[in-house]
Amino acid sequence: QVQLVESGGGLVQPGGSLRLFCAASGSIVSSNTMAWYREAPGKQREWVATIIGAVTIYALSVKGRFTISRDGAKNTVYLQMNSLKPEDTAVYYCKKEGYYSSWGQGTQVIVSS
């Protein structure tokens, strides 16, 4: 069973930046499609970004502001978030995609002045 642990969330002012981390329990980061999702209060969980091989794709709401990346040697997936907006406030989840998918427990991001 793969374990994913997110960290890096916190309180940030609008326009600020945060970097989220997703640490995997095994060497699965390089060989699998990995993604970030988020769930805002009162809303359904939504997809944010995916990395497939060397290709990255983003939701329109975050494109140009967020960057997904990974380091196979550290078994870690990252989400760099810049120009944060109040509407980015949510719990952010890391996911290993595929037939045997796995979710992390989430990390809270609050964008507020």
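Summary table
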item	result
Hits in the stretch 1-54 - residues which are free of Cβ contacts under 8 Å to residues at least 60 places away in the same chain, closer than 18 Å to residue 67 by Cα and part of a loop (DSSP other than H, G, I, E, B)	29, 30, 53, 54
Test: residue in the stretch 81-104 that is touching a residue at least 24 places away in the same chain (Cβ under 8 Å), within 14 Å of residue 6 (Cβ to Cβ), of a type in the set (A, V, I, L, M, F, W, C) and open to solvent by 60 Å² or more (accessible area, probe 1.4 Å)	yes
Any hit, the stretch 40-54, residues being among the aromatic types (Phe, Trp, Tyr), under 12 Å from the mean Cα position of the chain (by Cα) and buried (at least 18 other Cβ atoms within 10 Å of the Cβ)	no
Hey, residue 57 without any contact (Cβ under 8 Å) to a residue 40 or more places away in the chain, open to solvent by less than 60 Å² (accessible area, probe 1.4 Å) and of a type in the set (A, V, I, L, M) or not	no
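The values are calculated or read from the model by the stated rules, or taken from the named source; none is laboratory data. Owing to the predicted nature of the structure, the values given are computational and were not obtained by experimental measurement. Positions of Cβ are backbone-derived with ideal geometry, glycine not excepted, and every protein chain shown enters the neighbour counts. To get the accessible areas, we keep the full protein, side chains included, count just its heavy atoms, and leave off ligands, DNA and RNA. Shrake-Rupley method; radii C 1.70, N 1.55, O 1.52, S 1.80 Å.
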